[in-house]
1. Scan (1) more than 17 Å from A27 (Cβ to Cβ); (2) at pLDDT 95 or above for the single condition I77 breaks and write down its number.
2. Can you pull out the residues in segment 60-95 that are acidic (D, E) and touching a residue at least 24 places away in the same chain (Cβ under 8 Å)?
3. Return yes when R79 is closer than 16 Å to Y119 by Cα and either acidic (D, E) or loosely packed, with under 14 Cβ neighbours inside 10 Å (or both) and no when it is not.
4. Search segment 93-113 for residues being in a strand (DSSP E or B) and among the charged types (D, E, K, R), and hand back the single one that is nearest to S52 (Cα to Cα).
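The values are calculated or read from the model by the stated rules, or taken from the named source; none is laboratory data. Given the structure is predicted, the values throughout are model-derived calculations rather than measurements. Please note: Cβ atoms are built from the backbone with ideal geometry, for glycine as well, and neighbour counts cover all protein chains shown.
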Amino acid sequence: MNDQQTKAPSSEVRDQNIRAALDQHWAASDADDFETEHVIYHEDAVLEYPQSGERTRGRRNIQGQRSSQPNKKRFTIRRILGGGDLWITEFILTYDGRPSYTVSIMEFREDKVARETQYFADPFVAPASRAQWSNESKNNLRGQKAGQQRPHSRPGGHIHIAAGAHRPCIIPLALPPHPNCQRPLLE
């Protein structure tokens, strides 16, 4: 056996350990167990939310930011993929009964998360123009059929999707519409 084999577990064993840590992390997240939820992070970890521009540095700050949120949260894991230093979790994060489809990208250093980036998306109704090519999804928004209009209230939403002259635009709610974009398709 060489020195590297005696010092570090095999990549298969490491992946199993990380997967077990992720399972524990997401279960703790769903249970509002903030101490256990944040054991997975390095002390100097960074959490980024690109859609809002937030960057939180340090495990304690990440934990404080999450524990201060007043919403009732539920986590439904759809799948976890990864290996080595890169792991991705797709889940539905439900705030006060309102679902947000979420992707978490975790970058590991040794056995802890060094960086996490999360993306959030509201559910939407599939347009009628795609109905002939797709099967109805079990996650169809409130049972609406393709092409039906969605209610226009979006408290706490993350983005507007607007149609422009040349291409769709994604606009953070806090910013005014881009000049090339017309009215929002979803609000």
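1. Here I77 meets the rest and fails (1).
2. Selection gives D85 alone.
3. yes
4. Within segment 93-113, the match that is nearest to S52 (Cα to Cα) is R98.
Here's the yes/no breakdown for (1) modelled with pLDDT of 75 or more; (2) in contact with a His (Cβ under 9 Å, 6 or more places away or on another chain):
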{"position": "S100", "(1), (2)": "yes, yes"}
{"position": "E110", "(1), (2)": "yes, yes"}
{"position": "T117", "(1), (2)": "yes, no"}
{"position": "F120", "(1), (2)": "yes, yes"}
{"position": "R154", "(1), (2)": "no, yes"}
{"position": "H158", "(1), (2)": "no, no"}
{"position": "A162", "(1), (2)": "no, yes"}
{"position": "I171", "(1), (2)": "no, yes"}
